[in-house]
Amino acid sequence: MKQIFVGLILVCLSSVGAHAQWRDETGTLVAEGDLIANLAASDFVLLGEVHDNPTHHELQARLLKGLVDAGRRPAVVWEMVPVERQIDIDRVLARKGAGRGAFALAEAVGWSDSGWPNFAIYAPIMKVAMEADLPILAGGISREMAMEIMGIGLDAFVTGRGWETGSIGAAAQEVQLDAVFEGHCRLMPRERLAPMLDIQVARDIAMAEVLAGAVTDGADGAVLIAGHGHVRADAGVPLHLARLSPDTKVAAVGLLEHEGTDPLPAVPQFHYVSATAPIERPDPCEDLRKRFGEHRSGTSAAD
């Protein structure tokens, strides 16, 4: 009966906004109502995005609304807000009236100076969370934290903060290193990327700590809003959740970009995926090519 109720909700939600075709880790199509029912049965729901794609944020908002309509009241954890800004979030949530809105919260945490895409594309998610009076939690690391990690290394940083170990195993490290290498447009030799890898893993640990802590503090599960690289079941936040919060169910949802008309192939590193067309954006590697002195298109320092 509960699944029928959830399905009826999603029929209404799917009639407006972004269209999505969902597949599970085997590549099998999944109806959105069934997806919501499965997410609602999970302790942790990780919604991984391409940061500057507005459609992905529409879909995240829709899934979160589906969870709320299914009776769940999860905490919502944000990669984009450093953990030190939780006090600013709490001050806004304690207000009444217009001063408690989504954009007021973004202003309070310094979003416009953070380097993340315009908050307007994230606002639909925040509005769902605030209208449902869900706990809103900062889960990211600041630039200052990142610089500290680069200076002292991940192990020392984790120990100093009382966090769980940052070890993720050789296979997961290789996956993460590949992502960092591609993220730097193959312009830096892989052996020089260890500090960036440490930061990537630290972000995963920070988010896992906040997610697990939310449930320990009594939240009805938790939803993560983060880049899709962080929610990968084989290398990201789920690895740390398995250690911090064993015997809980995690659902990793990857929102990806996919060109062409061919169906998205199976993506086993996520439990569920949906793909949208890439948005138009400047070549993200151009600035890095200039910094590394690579002016010829397609060349790299790693070639």
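Okay, here's what the table says:
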item: Every pair of residues 6+ apart whose Cβ atoms lie under 9 Å, when the first sits in the stretch 81-94 and is under 19 Å from Leu224 (Cβ atoms) while the second is outside any helix (DSSP H, G or I) and acidic (Asp, Glu); result: Leu93/Asp133
item: Selection count, the stretch 215-236, where residues are surrounded by 23 or more Cβ atoms within 10 Å (Cβ to Cβ) and touching a strand residue (DSSP E or B) at 6+ places or on another chain (Cβ under 6 Å); result: 7
item: Which numbered condition Lys290 fails, given (1) open to solvent by 50 Å² or more (accessible area, probe 1.4 Å); (2) under 19 Å from Thr159 (Cα atoms); (3) of a type outside the set (Val, Ile, Thr); result: (2)
item: Unmet requirement for Arg203, which otherwise passes all of (1) open to solvent by 10 Å² or more (accessible area, probe 1.4 Å); (2) farther than 18 Å from His51 by Cα; result: (2)
item: Members of the stretch 254-286 found to be hydroxyl-bearing (Ser, Thr, Tyr) and surrounded by 11 or more Cβ atoms within 10 Å (Cβ to Cβ), listed by number; result: Tyr272, Ser274, Thr276
item: Filter result (over 20 Å from the mean Cα position of the chain (by Cα) and either among the small types (Gly, Ala, Ser) or open to solvent by less than 10 Å² (accessible area, probe 1.4 Å) (or both)) within the stretch 130-166; result: Ala132, Ile149, Gly151, Gly153, Ala156, Phe157, Val158, Gly160, Gly162
item: Residue satisfying condition, being aliphatic (A, V, I, L, M), over 18 Å from Asp204 (Cβ atoms) and in contact with a helix residue (DSSP H, G or I) (Cβ under 7 Å, 6 or more places away or on another chain), within set Ala102, Ala94, Ala120; result: Ala102
item: Qualifying residue in the stretch 219-229 (condition: assigned to a loop (DSSP other than H, G, I, E, B), modelled with pLDDT under 95 and either within 29 Å of Cys185 (Cβ to Cβ) or not small (Gly, Ala, Ser) (or both)); result: no
item: Candidates Ala235, Ala252 - the one that is more than 25 Å from Glu144 (Cβ to Cβ) and either in a loop (DSSP other than H, G, I, E, B) or β-branched (Val, Ile, Thr) (or both); result: Ala235
item: Among the residues listed as Leu59, Leu67, Leu35, the single one being in contact with a Phe, Trp or Tyr (Cβ under 7 Å, 6 or more places away or on another chain) and either open to solvent by 10 Å² or more (accessible area, probe 1.4 Å) or among the hydrophobic types (A, V, I, L, M, F, W, C) (or both); result: Leu35
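The values are calculated or read from the model by the stated rules, or taken from the named source; none is laboratory data. What you see is a predicted model; the values in this text were computed from it and never measured. As a convention, Cβ positions derive from the backbone with ideal geometry for all residues, glycine included, and neighbour counts pool all protein chains shown. Please note that ligands, DNA and RNA were not included when accessible areas were found on the heavy atoms of the full protein model with its side chains. Shrake-Rupley method; radii C 1.70, N 1.55, O 1.52, S 1.80 Å.
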